[in-house]
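*Asks:* One structure coming up, written as structure tokens, with questions to follow.
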Amino acid sequence: MTPATWHRGEPDEVPDERARRIAAARAHRRMTNQQRFIEAA
């Protein structure tokens, strides 16, 4: 978290946004891996 984030008054939004992006990336990887498994079979 950067000092600018604190000065803007948004320190709680950073972890929430990070968690949302990580969850989206996991879902995307899961879907991609499932498609690869189906295509390989």
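Where a number appears in this text, it was derived from the coordinates with a stated rule and is not lab data. Quantities reported herein were computed from a predicted structural model and do not represent experimental measurements.
*Asks:* Tell me, yes or no, whether the range 3-12 has at least one residue that is under 13 Å from the mean Cα position of the chain (by Cα), of a type in the set (A, V, I, L, M, F, W, C), part of a helix (DSSP H, G or I) and at negative phi.
*Replies:* Scanning the range 3-12, I find no residue that is under 13 Å from the mean Cα position of the chain (by Cα), of a type in the set (A, V, I, L, M, F, W, C), part of a helix (DSSP H, G or I) and at negative phi, so the answer is no.
*Asks:* What tally of residues in the range 19-41 results from selecting those that are under 8 Å from the mean Cα position of the chain (by Cα) and charged (D, E, K, R)?
*Replies:* So the answer is 3.
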